[in-house]
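Just so it is clear, none of the values below were taken in a lab; they were calculated from the coordinates. Bear in mind the structure is a predicted one, so any value in this text is a computation, not a measurement. Cβ coordinates were reconstructed from backbone atoms using ideal geometry, including for glycine residues, and neighbour counts include every protein chain displayed.
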Amino acid sequence: MRLALVTDLHANRESVEAVMAHAKEQGAERFAFLGDFVGYGADPGFVVDLVREHVARGAIAVMGNHDAAVVQGPLPTMIPEARQVVAWTRERLDPEQLAFLATLPMSASDGDRLYVHANAFAPAEWCYVLGRMEAVRSLQATSARFTFCGHVHDPKLFHLTATGKIGDFVPSAGMPIPLSEQRRWLIIPGSAGQPRDGNPAACYATFDTSSSTLTYFRVPYDTESAGAKIRAAGLPQRLASRLEHGE
């Protein structure tokens with residue numbers, strides 16, 4: 001089965017539509033959405049409905065920190081721009097959309113695969129996997145062979161050997177990566193809705209469950225239209241320029 005891994009969609013209709021179309025072209029048979037469906041972007045209702053429809057058809061979806069903030073209130077550590085968009089978003093979602101976000105699990109397991117937004121060691125604390133130290137903590141917190149997580153908007157891949165050695169690298173788009181059975185893996189697909197690695201193209205990955213092969217992709221989309229919607233909505237202008245520059 002080919003699984004599409006999509007995370008940090010951030011209410012960006014243009015990027016999400018491009019990613020979903022590309023994933024289907026790649027033969028994706030199932031989707032796993034790793035959280036942050038809202039926040040930053042101007043189309044929260046569209047993205048929430050899209051994820052909800054796929055979940056009804058068997059997709060996996062977990063809660064992200066922006067999703068939690070919309071239904072529970074933002075944490076004090078959330079930056080002012082994000083807090084402003086959280087309040088704006090809550091006013092634009094109907095009760096059913098809010099209920100869907102509220103009932104999302106913090107993590108989901110499927111065989112030897114764990115799906116979570118931030119990390120496996122403390123999912124509800126929203127700590128970032130920024131490097132090897134956090135990756136080891138996450139991998140040691142679960143018995144899953146593969147951990148898929150979002151939260152970090154840059155694509156990255158970590159691996160842990162049987163002797164406890166940790167390694168990492170930044171994957172190249174379009175290059176299939178066979179994931180060795182002798183290692184355990186932490187996969188960060190990058191952000192579909194707000195990439196931050198200097199490349200504005202949307203990020204996502206596919207995982208072939210039969211061959212344990214992982215492939216990262218970059219998908220160009222209409223950043224100008226997505227940014228124009230943010231500006232027209234009266235949201236922080238920097239959020240629009242971030243999309244256009246991949247920052």
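Observations on the structure shown:
- Cα-based equivalent ellipsoid of the chain: semi-axis lengths in Å, sorted from largest, via gyration tensor: 27, 19, 17
- Virtual paramagnetic centre 7 Å along Cα→Cβ of LEU98, amide N under 20 Å, in the stretch 31-56: 36-53
- Rounded to the nearest 500, the 222 nm mean residue ellipticity of the chain from helices alone is -9500 deg cm²/dmol, with -39,500 (n - 2.57) taken per DSSP H run of at least 4 residues.
- Placing a label point 7 Å from the Cα of ASP110 along the Cα-to-Cβ line, the residues of the stretch 128-168 whose backbone N sits under 16 Å from it are 144-150.
- Here the dipole of the chain is about 520 debye; that uses its Cα centre as origin and unit charges on the Cβ of Lys and Arg (positive) and Asp and Glu (negative).
- Nearest 10 degrees, 0 to 90: helix 80-90 Cα axis against the chain principal axis: 70 degrees
- Helix axis angle, 44-56 relative to the chain longest principal axis, alpha carbon, degrees: 40 degrees
- Vicinal HN-Hα couplings computed from phi for the stretch 135-143 (Karplus, 6.51 cos²θ - 1.76 cosθ + 1.60; Hz; Gly/Pro x): 5, 4, 4, 5, 5, 6, 8, 9, 8
- Sequence-ordered 3J(HN,Hα) estimates for the stretch 159-176 from the Karplus curve with 6.51, -1.76 and 1.60 and θ = phi - 60° stand at 9, 10, 7, 5, 8, x, 7, 9, x, 7, 7, 8, x, 9, 5, x, 9, x Hz, glycine and proline given as x.
- Ordered by the count of other Cβ atoms within 10 Å of each Cβ, fewest first, TRP88, TRP185 give TRP88, TRP185.
- Angle of helix 13-25 to the longest C-alpha principal axis of the chain, folded into 0 to 90 degrees and rounded to 10: 40°.
- Among residues other than ALA102 with Cβ under 11 Å from its Cβ, the summed charge is -2 (Lys and Arg +1, Asp and Glu -1).
- Fewest-first sequence of LEU157, LEU239, LEU139, LEU75 by Cβ atoms within 10 Å of each Cβ: LEU75, LEU157, LEU239, LEU139
- Relative contact order of the chain, pairs being alpha-carbon contacts under 8 Å that are 6 or more residues apart, as %: 23 percent
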